[in-house]
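First comes the structure, then the notes that go with it.
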Amino acid sequence: MPIVAKQSVQSDKQQRLLTLRHSAAHLMAQAVQSLFPGTKLGFGPAIADGFFYDFDTEHRFSDKDLKDIKKEMLRLRKKQKAKFERVEIGKAEAMALFEGQGEALKAEHVQSLEDGAITLYKSGEFVDLCAGPHVESTSEIQHFNLLSVSGAYWKGDENREQLQRIYGTAWETREELDEYMRRIEEAKKRDHRVLGKQLELFAFPELAGPGLPFYLPAGAHIVESMKRWIWGLHVDGSYGHQDKPYQPLQTPHILKTDAWYTSGHIQNYRENMFMVYSLDELDQGMLGGDGKDAKDAKDAKDAKDGARGEGLGNYGLKPMNCPGHVMVYNVGTKSYRDLPVRYFEFGTVYRYERAGTLHGMLRVRSFTQDDAHIFCTPETYHAEVLGVFDFCCHVLETFGFEYMVGLKTRGEKRIGSDEIWDMAEDGLRQALEKRAAGKYYIQEGDATFYGPKIDFVIRDSLGREWQGGTIQLDFNLPERFDLSYVDADGERKRPVMIHRAIQGSFERFFGLLIEEFGGAFPLWLSPTQVRVLPIAQDHHAYASKVASALRMEGFRVELDDSSETLNKKIRQGKTAKVPYMLVLGGREAEEGTITVEGYHDGKLGHLTTVEELCGHMHAEVKAKVARRKA
């Protein structure tokens with residue numbers, strides 16, 4: 001599936017929906033406080049496809065409460081038909097207003113704002129801190145629903161108040177709302193967390209800690225199949241690197257803090273890193289209490305002096321693979337004849353994601369990237385970027401994903417000069433003009449701290465968007481690590497570094513695959529490709545012979561020789577979403593034939609021998625056929 005253009009969030013339709021949903025969030029907050037007096041308010045914004053509001057209350061919201069809140073919203077809307085009125089007051093007056101209402105969180109937020117006019121919106125008796133805009137009146141909020149409740153922390157800080165977040169959605173027409181609710185129900189059926197448990201693909205053991213996935217045998221089969229395929233694409237000379245295939249690396253999971261200081265991670269990415277502290281430090285009570293203050297002081301000292309030394313407290317688990325690859329590049333002297341150097345690694349990294357943001361396999365704390373770094377001359381990086389771009393497109397299109405591409409530019413937190421950033425951003429923009437002219441979008445200020453990037457955003461079958469592969473152009477790390485090569489004129493020159501991941505992370509890509517295919521994986525990935533079902537015990541010998549023949553052809557086969565009825569065996573095979581099932585009885589044993597039941601196609605009467613089935617399956621595997629059926 002080709003690149004699709006990302007809809008601008010500034011479209012008239014989207015702006016109307018954002019305004020409507022923001023207004024619905026206010027109406028919901030009013031309904032909650034009406035039904036549950038004493039409930040205090042956090043934030044309540046519009047979001048993609050809906051809205052939410054955070055509430056501070058001892059009451060635990062239930063599904064029944066959501067129905068009651070919706071009824072109250074309908075009652076208030078009908079009774080009040082209140083206009084949304086914009087009011088501006090001074091900061092001190094706003095502080096007094098919210099403190100008088102007992103809205104401590106609102107008052108705290110007002111205190112953090114700059115001096116000047118504070119904007120409020122009033123609808124009926126409800127007043128909220130808000131910049132707007134809103135619809136004319138609550139009577140316009142007609143087609144909405146409340147969806148779920150989850151936990152949240154005030155301003156995302158897990159050391160602050162734990163709140164309850166109620167999610168809802170609102171649309172301009174009943175048809176749009178009904179269609180969205182249909183998609184929500186479909187999403188529940190495809191939820192990778194549910195299917196992962198049902199199909200025994202992965203688990204998150206409580207003893208291990210949150211966000212640390214364990215692949216079960218079936219899931220490991222699928223991911224290893226993906227890895228073998230991606231590995232082959234790296235080393236066979238495809239996609240812009242026929243001259244010099246990628247070279248595989250393996251680098252440590254932990255590095256001295258010096259490395260992270262030199263790379264800029266300690267200064268710009270520390271909040272997302274796991275640091276390692278010695279038992280001596282723990283015994284001395286350095287991390288006493290909740291450990292936060294002492295740990296922050298330790299990290300500040302590490303950043304200040306480069307953390308030179310050999311103590312265990314001077315190490316960090318890697319959140320990225322790039323410093324390790326830079327160190328490998330620095331082994332030995334490089335000539336211009338050696339360039340481009342292309343290193344790749346299926347590297348496991350560790351990032352501290354806040355507990356409230358973790359989401360199955362789609363957002364975890366430990367994940368493996370199909371990561372690579374290319375070191376090339378300034379004259380050749382344009383071609384290298386185009387080769388990586390084509391590589392990303394090929395992988396996404398193999399699975400039939402719909403995807404978008406965007407350019408993310410410099411933010412406030414960055415290293416390097418504006419001149420370097422100008423050059424890097426221009427280089428990526430040129431590549432996008434060649435490959436996606438008129439289709440790519442620009443997201444200002446969202447680049448990583450060391451360079452701009454092209455992001456591949458996957459749009460799943462339910463219309464949701466997920467971060468996929470990325471291409472980052474970096475002139476900064478080669479400078480910080482003093483990388484060089486000897487040019488044809490004998491002079492020492494600085495290489496350009498390209499960071500890239502094709503799938504992004506195997507964990508997220510796996511989760512997306514589960515939902516995209518509803519757990520019914522393409523044949524080449526399926527952990528069990530064929531299940532052989534003898535009808536009775538008398539047919540076990542023939543079934544075993546057929547299973548062995550299929551295994552000799554390289555297929556993953558299960559023989560179900562249990563005493564269950566044939567109907568139950570077939571049901572179990574369909575529940576497990578096995579691509580092909582072979583029903584073998586007396587006639588098949590006598591004639592040396594097979595009866596084939598396909599998960600996607602039902603009975604396949606044209607495949608009557610093992611040889612015919614093998615030819616059919618080999619062709620399907622080679623073509624990487626990606627059929628969808630939940």
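The values are calculated or read from the model by the stated rules, or taken from the named source; none is laboratory data. The structure presented is a predicted model; accordingly, all values stated were derived computationally and were not measured. For neighbour counting, all protein chains shown are included, and Cβ atoms are generated from backbone atoms with ideal geometry for every residue, glycine included.
Please enumerate the residues belonging to the stretch 521-551 that are among the β-branched types (Val, Ile, Thr) and not in a helix (DSSP H, G or I).
If we filter the stretch 521-551 for residues that are among the β-branched types (Val, Ile, Thr), which is where we start, we get 528, 530, 532, 535, 546.
Within the stretch 521-551, 528, 530, 532, 535 meet the criteria.
The rows are residues; the columns are (1) of a type in the set (A, V, I, L, M); (2) touching an Asp or Glu at 6+ places or on another chain (Cβ under 8 Å); (3) under 17 Å from residue 504 (Cα atoms).
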| position | (1), (2), (3) |
| --- | --- |
| 343 | no, no, yes |
| 350 | no, no, yes |
| 353 | no, no, yes |
| 359 | no, no, yes |
| 367 | no, yes, yes |
| 371 | no, yes, yes |
| 374 | yes, yes, yes |
| 380 | no, no, no |
Report yes if some residue within the stretch 469-491 is within 18 Å of residue 4 (Cα to Cα), of a type outside the set (A, V, I, L, M) and either in contact (Cβ under 8 Å) with a residue 40 or more places away in the chain or surrounded by 15 or more Cβ atoms within 10 Å (Cβ to Cβ) (or both); otherwise report no.
-> yes
Considering only the stretch 205-238, state which residues are without any contact (Cβ under 8 Å) to a residue 24 or more places away in the chain, in a loop (DSSP other than H, G, I, E, B) and surrounded by 13 or more Cβ atoms within 10 Å (Cβ to Cβ).
-> 216, 237
When residue 195 is run through (1) under 30 Å from residue 525 (Cβ atoms); (2) in the same structural domain as residue 142 (by TED's automatic domain parsing), the failure sits at (2)
Taking the stretch 18-56 on its own, how many of its residues are within 16 Å of residue 163 (Cα to Cα) and polar (S, T, N, Q)?
-> 2
Quick check: is even one residue across the stretch 65-85 of a type outside the set (Ser, Thr, Tyr), assigned to a loop (DSSP other than H, G, I, E, B), surrounded by fewer than 15 Cβ atoms within 10 Å (Cβ to Cβ) and at pLDDT 90 or above?
-> no
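Out of the stretch 184-196, which residues are loosely packed, with under 14 Cβ neighbours inside 10 Å and either at positive phi or not acidic (Asp, Glu) (or both)?
In the first step, residues of the stretch 184-196 are kept if they are loosely packed, with under 14 Cβ neighbours inside 10 Å; the result is 185, 188-189.
Result: 188, 189.
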Kindly indicate whether any position in the stretch 499-522 is free of Cβ contacts under 8 Å to residues at least 60 places away in the same chain and touching a Ser or Thr at 6+ places or on another chain (Cβ under 9 Å).
-> no
Among the residues listed as 90, 156, 100, the single one being surrounded by fewer than 18 Cβ atoms within 10 Å (Cβ to Cβ) and on the phi > 0 side of the Ramachandran plot = 156
Could you tell me which of the residues 19, 119, 39 is of a type in the set (Ser, Thr, Tyr) and out of contact with any Asp or Glu (no Cβ under 9 Å at 6 or more places or on another chain)?
-> 19
Tally time: how many residues in the stretch 586-603 are within 40 Å of the chain's Cα centre (by Cα), more than 19 Å from residue 556 (Cβ to Cβ) and either in a strand (DSSP E or B) or in contact (Cβ under 8 Å) with a residue 24 or more places away in the chain (or both)?
-> 2
Within the stretch 1-54, residues more than 19 Å from residue 169 (Cα to Cα), surrounded by 13 or more Cβ atoms within 10 Å (Cβ to Cβ) and either assigned by TED's automatic domain parsing to the domain that holds residue 403 or among the hydroxyl-bearing types (Ser, Thr, Tyr) (or both) come out as 34, 39
Considering every residue within the stretch 543-557, establish whether at least one is of a type in the set (D, E, K, R), farther than 14 Å from residue 218 by Cα and in contact (Cβ under 8 Å) with a residue 60 or more places away in the chain.
-> yes
If you scan the stretch 571-585, which residues turn out to be outside any loop (DSSP other than H, G, I, E, B) and over 20 Å from residue 616 (Cβ atoms)?
-> 571, 572, 575
Hey, among the residues in the stretch 236-265 that are of a type in the set (D, E, K, R) and out of contact with any helix residue (DSSP H, G or I) (no Cβ under 7 Å at 6 or more places or on another chain), which one's modelled with the highest pLDDT?
-> 258
Here is a list of conditions, (1) within 30 Å of residue 189 (Cα to Cα); (2) in a helix (DSSP H, G or I), and residue 614 meets all of them except one; can you say which number that is?
-> (1)
